[in-house]
1. Of the conditions (1) modelled with pLDDT of 95 or more; (2) in a strand (DSSP E or B), residue 109 clears all except one; give me its number.
2. Take the range 93-145 and flag every residue that is open to solvent by 60 Å² or more (accessible area, probe 1.4 Å), closer than 28 Å to residue 47 by Cα and not hydrophobic (A, V, I, L, M, F, W, C).
3. Identify the residue in the range 23-57 that is open to solvent by 50 Å² or more (accessible area, probe 1.4 Å), among the charged types (D, E, K, R) and under 22 Å from residue 103 (Cα atoms) and, among all such residues, is modelled with the lowest pLDDT.
4. Name the single residue that is surrounded by the most Cβ atoms within 10 Å (Cβ to Cβ) among those in the range 75-92 being assigned to a loop (DSSP other than H, G, I, E, B) and among the aromatic types (Phe, Trp, Tyr).
Amino acid sequence: MLKRFGIKKYTIEDLQEYKNVDVNELRNNFSILIIDDEDDIKDDCESLNNLGFKVTRARDIDGIEFVIPFNIIVCDIQGVGVKFNKKYGGAYIIAQVKTKFPEKILIGYTGKMSDASFNKYFEKCDVLLTKDSFVDDMANLFDSFFQKMNNPHWIWLRYRKDLVKNDDVD
């Protein structure tokens, strides 16, 4: 039936065939939002921009829709998100973004320990990091995610995993 409409039916093997793209091209194609209320992150954001990443820094956000233009969201856990949830802050932002925009890559990071009640929010993160050695860790992490986000097979597996986890498919 699909042939009648001129639509090619793809298989999972077709998804595995993708081209690696130059890291600098990927850095130009994807955008990153870093949500952090502390001023010391400003220099790190500038360093990442100097490395060719498209990084925007926000001290906090007023609404979840603010994240729409960004592919990767990096969110501090403490001191942000108080307009959404005072106790869980950035962890709550991450959970809400995951619910509304499951295609976004979510990186949580903090310099402080959190109690066990945060764990249900941390599970929504693709990665959870501590604040030390920020620029080096983030640059490598971003490049790794950019390669994955350029791979249709990885994207399909990611969506499938989320669907199975949410009991939307068998």
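1. Just one mismatch for residue 109, condition (1).
2. Step one: list which residues in the range 93-145 are open to solvent by 60 Å² or more (accessible area, probe 1.4 Å), which gives 96, 99-100, 103, 111-113, 115-116, 119-120, 123-124, 128, 130, 132-133, 136-137, 140.
Remaining after also requiring closer than 28 Å to residue 47 by Cα: 103, 111-113, 124, 128, 130, 132-133, 136-137, 140.
The answer is 103, 111, 112, 124, 130, 132, 133, 136, 137, 140.
3. Only one residue fits best here, namely 25.
4. 88
The values are calculated or read from the model by the stated rules, or taken from the named source; none is laboratory data. What you see is a predicted model; the values in this text were computed from it and never measured. Reconstructed Cβ throughout: ideal geometry from the backbone, glycine too, with neighbour counts over all protein chains shown. With ligands, DNA and RNA removed, areas are computed over all heavy atoms of the protein, side chains included. Shrake-Rupley method; radii C 1.70, N 1.55, O 1.52, S 1.80 Å.
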